[in-house]
1. Within the range 72-115, work out how many residues are in contact with a helix residue (DSSP H, G or I) (Cβ under 9 Å, 6 or more places away or on another chain), modelled with pLDDT under 70 and surrounded by fewer than 17 Cβ atoms within 10 Å (Cβ to Cβ).
2. For the range 81-104, what are the residues that are in contact with a strand residue (DSSP E or B) (Cβ under 9 Å, 6 or more places away or on another chain), of a type in the set (G, A, S) and on the phi < 0 side of the Ramachandran plot?
3. Suppose we keep only residues that are crowded, with 17+ Cβ neighbours inside 10 Å and β-branched (V, I, T) within the range 155-177. Which one would you say is modelled with the lowest pLDDT?
Amino acid sequence: PGYNVNYQTATEDTSNIDRIASEGVNFTRAYTASSMCSPSRVALLTGRYPSRGAYALYSEGSDGSQTRITVPRSKMSGIDLEYNLATALRSLNYTTGSFGKWHLTSTESLEAYGCSVSSGDEYSCDYATAQATVRDAGFDVAEGIYITNMNTCGTTCTDSFSHNTEWVTYEAMSFMK
């Protein structure tokens, strides 16, 4: 109530999105399964709470048991790789793409890909490796992907863009066109 969502822009044809909105549902509120980025991605892609994942860290706190989900503990494995948002859309003949920050992996750890922990919970991977982790999760296209910052993509992004947002937006728009 009270929301007026207009998806049409002056420069882009959004007729398909407009049709989805008029024939489907307009979401006017957003909720997240976690305050952290990676666990939220796990929930969005799998439809499950991130704490239900195989790699959630279980610990005993002074106030009882706790399940902790952090960036390196946000992993898609097993059934999550077979049945997720990307694989569901692909089964309906959609071409799927993921763009932007990822921070997920399909293996027990990103070290299996040759990545290293750079500081705290942050991983450092080369760009091709970051793309591989996204494709392993079921996406057809993985562009504008970064695990840490733009300096991990080599000249792919740093020669043309000064900020991650510019690069990710360009790649996503290119995919849609």
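The values are calculated or read from the model by the stated rules, or taken from the named source; none is laboratory data. Computed from a predicted model, the values in this text were never measured in an experiment. Don't worry about glycine lacking a Cβ; one is built from the backbone with ideal geometry, like all the others, and counts go over all protein chains shown.
1. 2
2. A86, G97, S98
3. Among them, the one singled out is T156.
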